[in-house]
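J.: Please find one structure pasted underneath; my questions will follow.
Bear in mind these aren't lab numbers, they're just calculated from the coordinates by the rules spelled out. Please read all numbers here as calculations on a predicted model, not as lab measurements. Cβ sites come from the backbone with ideal geometry, for glycine too, and all protein chains shown count toward neighbours.
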Amino acid sequence: MTLTSTSDEELMAAVRADDLDQLVPLFERYHGPLFNYLTRLTNDRDLSEDLTQTVFERILKYRSSYQPTQPFKAWVYQMARNVHADHWQRQQKLRVADTDVEDVERTGALRGGAFSQMRVSNSHDDLHEALNLLPVPQREILVLNRFQGFGYEEIGKLLGCTAEAARVKAHRALQALRKIYFAN
């Protein structure tokens with residue numbers, strides 16, 4: 001059986017059984033998509049590279065928790081979500097309790113820049129800037145659905161809700177994105 005015909009689940013089962021060489025094809029298959037997913041969540045390529053690396057470190061560390069009956073894709077994206085959430089929780093703890101004037105100025109400038117640039121720059125950049133203004137949970141569901149190709153059933157499993165609830169959340173996130181994108 002060639003590696004290209006070996007399923008993700010079979011490869012991960014081998015990794016779980018300490019055949020660590022089988023992580024290479026999983027890395028090759030998932031590094032790019034996970035990096036893109038995390039980049040869209042963080043809007044920071046360097047940070048996303050670090051977080052992607054952390055995901056693969058955790059795959060090794062927690063390989064025994066993988067259940068061969070569960071889809072690898074859902075398991076690895078859940079791990080990526082956890083890595084992202086852990087990063088932001090650590091960042092929140094490091095921030096000073098008082099509002100940092102510099103952050104307020106930067107955030108205000110970003111929003112103002114987003115709206116003024118919508119008239120000048122191309123629509124692709126505008127869309128990504130509007131996407132970055134969404135709260136992380138809304139941005140995440142749109143990234144999973146529109147950019148990563150996850151179906152509502154997969155998103156529901158990942159978020160711990162039904163496929164219909166995932167569809168509603170995606171619809172609401174899309175409405176919020178439209179509101180930001182088309183605001184004056």
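J.: Applying 1/(1 + (r/R0)^6) with R0 = 41 Å to the Cβ-Cβ distance of Ala183 and Gln91, what FRET efficiency is obtained, to the nearest 0.05?
T.: My answer for the efficiency is 0.90.
J.: Report P(r) for the range 1-54: all Cα-Cα distances, bin width 10 Å, range 0 to the bin holding the largest distance, values in whole percent.
T.: 25, 41, 27, 7
J.: Taking the Cα centre of each part, how many Å lie between the range 36-83 and the range 12-27?
T.: 15
J.: HN-Hα J couplings of the range 140-148 from phi, Karplus 6.51/-1.76/1.60, θ = phi - 60°, integer Hz, Gly and Pro as x?
T.: Residue by residue, the range 140-148 yields 4, 5, 5, 4, 4, 7, 8, 9, 9 Hz.
J.: Right, here's the next one. Count charges around Ala17 for me, please; just the other residues with Cβ under 13 Å from its Cβ, Lys/Arg as +1, Asp/Glu as -1.
T.: Here the charged neighbours net out to -3.
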